[in-house]
Structures are given as structure tokens and as C-alpha cells.
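The structure appears right after this line, and notes come after that.
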Amino acid sequence: MAVLTHAQLEELWVTAGGSEATADTAAAIAQAESGGNTAKINNTAHPDLAGYHPPAPGNLPEYSVGLWQINELAHPQYTTTQLLTPVGNVNAAVAVADGGASFSQWSTFKNGDYRQFLTSGGTPTAQQGTVSGFSTASELAHAYSGWADLRQAVNHHLPNRLDNSRRAGRATLQTLTRRRRVRG
């Protein structure tokens, strides 16, 4: 287990393609979510796994992992193994936050708990739904998250689709062979 500082979290965010303009806010969210602890897990969903505790009244179950507490129930494309590494967790966080365009997925952003960890004098990055006038870092972050999502989807779905296609091709050939024998 490692505990990262605010500066380390900011650097990690920017290195993964998150916008520099939102690095302070992203780091503050990670501190509010996990205390910067790379091994933090909040388990209110799986009684059979370590650290389980029932969800608070009115809260949905969750299995949130790592620095930015990525909820695997909401984001099943990520695994616990990935999310327990700083690089895997920040890549997921950058994708979920669209490079820093929106932090609305994090409860600590919505309720303001992250503000106590800001180093910019308490002024959070504006979150107006859409971001206009992208800087180079933002454009790169958006492109990176798009490619990461595409790579994840291809790696997940392509083997199944290829297998289904092979089976369908074999079945078609068998049907055509039978028809040829019957007619011939």
C-alpha cells in the first residue's frame, strides 16, 4: 500500500492524459475519496469479500477501488487488479471524467467534500457540462480516453465476435454442403 501526496496525484493525473487545468480538482477528489491510499476499497456490495460492510441507509451498494474509488458495479470494464495500481486507477478516472471535463460521477465532488484538499485557494475548476476552447492537454486527454475506451472494447468484444463468426461460417458451410449432396 502506498499513500500518494497531492502533488503526486496531480502529476499522475496529467501523465495519464488528464487536463492540467483540472489536476488540482482531480487530486483533491482522490484525496477525499481514498486519502491518496492506492489500496483503498469500499465494499458494500459483496458480503463474501474482505472489508464488507452494509451500505448506509438510502445508499446503493458499491465496490469502489483505489485512488479515485472507481466503482466496479458502475464501470465493469475495469478489474480490481487494474484499479489497485496507480496507473490503472488514474487511467479509469481520466476516462470516467472525460479528461477532466466532468467530475459529476464522484460523490465527494457533488457534495463538496473535495474542496478541503484543493491547493488552488479553494477555487474549484469550473464544471459546466461542456468545455469549449480545448487546450492541447485537453484535446490529448480526450483523444487518449477515446482510444483507451476503444482498446478496452476491442479487447473485450473482438474475441467473442470472431468466435461467433467462425461458428456461423462453419454452420453455413455445413448447410451448403448438405444441400449440394441432396441436389447432386
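Since every read-out is calculated from the coordinates, none of them should be taken as a lab result. Note that the structure is predicted; figures quoted are calculated from it, not measured. Please note: Cβ atoms are built from the backbone with ideal geometry, for glycine as well, and neighbour counts cover all protein chains shown.
Per-structure values
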{"item": "Within segment 28-122, chymotrypsin sites (Phe, Trp or Tyr not before Pro) in DSSP loop having at most 14 other beta-carbon neighbours inside 10 Å", "result": "none"}
{"item": "Residues LEU162 and ALA39, FRET efficiency given R0 of 45 Å [Cβ-Cβ distance, rounded to 0.05]", "result": "0.80"}
{"item": "For LEU73, residues with placed amide H under 5 Å, excluding near neighbours", "result": "TYR63"}
{"item": "Nearest-0.05 FRET efficiency for THR80 and ARG179, computed from C-beta distance (R0 41 Å)", "result": "0.25"}
